[in-house]
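The values are calculated or read from the model by the stated rules, or taken from the named source; none is laboratory data. Since this is a predicted model, take the numbers as computed values, not measurements. Glycine also receives a Cβ, built like all others from the backbone with ideal geometry; neighbour counts cover every protein chain displayed. For the accessible areas, the whole protein counts, side chains as well, though only heavy atoms, and no ligand, DNA or RNA atoms are used. Shrake-Rupley method; radii C 1.70, N 1.55, O 1.52, S 1.80 Å.
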Amino acid sequence: MYKNYKNWVLITGLLALIVVALGAYTRLSDAGLGCPDWPGCYGFLTVPKHEADIAQAAQSYPDMMFETAKAWKEMIHRYFAGTLGLLILALFVYAFLKRQSPTTPVKLPLLLLLLVIFQAALGMWTVTMNLQPLIVMGHLLGGFSILALLTLLYLRLNAKPIMGGDAGARRYFGLSLVALSVLIIQIALGGWLAANYAAPHCNGLPLCSNAQPFSLSSVFQLPLEHGNYEFGVLSQQARMSIHLLHRIWALVTCIVLALIMWRIYSRAYSQKIKSCAVSVLVVLFCQIALGLAVVHWHIPLSMALAHNLMAAILLLTLIRLCYYLKART
Ligand code: HEM
């Protein structure tokens, strides 16, 4: 039974990765408003198919343009996300029933359950508030957080302690948390960039070829008073600055993570810690290359999607390192 539970945690983690990818696909292919209501689609449980249903949908939402392909992208994301929510509920119920057992943590599944409920609310607000950028960014961060907590739960259940400990590397747990914070800021800036449709507003490499100057204050402008935020509402200068800040912080992320990983690698004597630090470096390199490719090839959907997934993988590899640095033997 316990072995099955471990397998279910793994399956739930893989499903969370698929849900994050489907969410990115929906957002990046501009299908976020494919269904203008929640949890149904134009008042139906599935995408309206018959002519009479489509006519009724058009009548109920006269301001919306019904597009079958966009509606399906949105609904498939919701079906997968709903399944993920049910699996997380099942993990919590099992952990609660086995709460006396020291090998089954209960706080982590509870946190996951609360987070997935909040994430569903964010998904609803994304639609009902017509892609308000703060909500869209929050929804992206919520997905990454669920993935991160499932990874932690998987590690708690499966990770083998490092033989003899690794006191040399263990001292760097605090620094690994610094690296994690820098990365989380970079992921949030990426979400802010995408939620404000700022990708096409900075064309050159490494800097933007736009004429306007960079403005830090415009990056944190909160557009609140608009009825619909699809395709962005901020000025050209604000979007260029948001994009540029994501690149500048990418440089900071790269330097901070590279220095900290090198330090941990050179001080660790366990192979496990060394390999965790190397994986962070390899994934970081791929992520920077993908970011550059997204700009160079004018934001092809496949690359933007890969850039999103690589950000998630980078977060997970860093969490794995933090876990092993902290885990008691
Ligand atoms: C550690 C480095 C980086 C991380 C963790 C990171 C993370 C992210 C994330 C999470 C997104 C949001 C994707 C989505 O909404 O699905 C994003 C978007 C984006 N990033 Fe990065 N990024 C990094 C480096 C870079 C670099 C170096 C560049 C370019 C020079 C870049 C260019 C972009 C662009 C253009 C988008 C918007 C994609 C779109 O809206 O279609 N990123 N990034």
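Measuring from each cysteine beta-carbon in the chain, the ones with no other cysteine beta-carbon under 4.7 angstrom are C254, C276, C286, C322. Placing unit charges on the Cβ atoms of the charged side chains and taking the dipole of the stretch 1-129 about its Cα centre, the candidate lying farthest along the positive direction among A95, P48, F66 is A95.
Taking label points 7 Å from Cα along the Cα-to-Cβ direction, Q212 and K3 give a separation of 6.0 nm.
Using every pair of distinct Cα positions in the chain, the Kirkwood expression returns a hydrodynamic radius of 21.4 angstrom. For the pair L134 and L45, the difference between a 0.36 nm per residue extended length and the Cα-Cα distance amounts to 29.3 nm.
Here is how the number arises for the chain: DSSP H runs of 4 or more residues each give -39500 (n - 2.57), the sum is divided by the residue count, and the result at 222 nm is -24000 deg cm²/dmol. For the chain, the relative contact order is 21 percent, taking Cα pairs closer than 8 Å that sit 6 or more residues apart in sequence and dividing their mean separation by the residue count. Taking a Cβ cut-off of under 13 Å around L193, the surrounding Lys, Arg, Asp and Glu residues balance to a net charge of +3, with basic ones at +1 and acidic ones at -1.
If you roll a 1.4 angstrom probe over the protein chains with everything in place, what fraction of the accessible area of the stretch 191-303 belongs to carbon and sulfur, to the nearest %? On the stretch 191-303, the fraction of accessible area on carbon and sulfur atoms equals 70 percent.
Note that the stretch 38-77 shows a convex hull volume over its alpha carbon atoms of 65 Å³ per residue.
Think of the stretch 119-261 as a dipole: +1 on every Lys or Arg Cβ, -1 on every Asp or Glu Cβ, centred on the Cα centre; then among L180, C202, H246, L180 lies furthest on the positive end. Working note: Karplus 6.51/-1.76/1.60 with θ = phi - 60° gives the stretch 295-302 the couplings 6, 4, 9, 6, 6, x, 4, 4 Hz, where Gly and Pro are set to x. Could you work out the relative contact order of the stretch 209-329? I mean the mean sequence separation of Cα pairs under 8 Å and 6+ apart, divided by the number of residues, in percent. With pairs under 8 Å counted, the relative contact order is 19 percent. At a probe radius of 1.4 angstrom, the accessible area of the chain per residue rounds to 50 square angstrom. By the Stokes-Einstein formula, at 0.692 mPa s and 37 °C, the stretch 36-183 with its Kirkwood radius over alpha-carbon pairs has D equal to 177 µm²/s.
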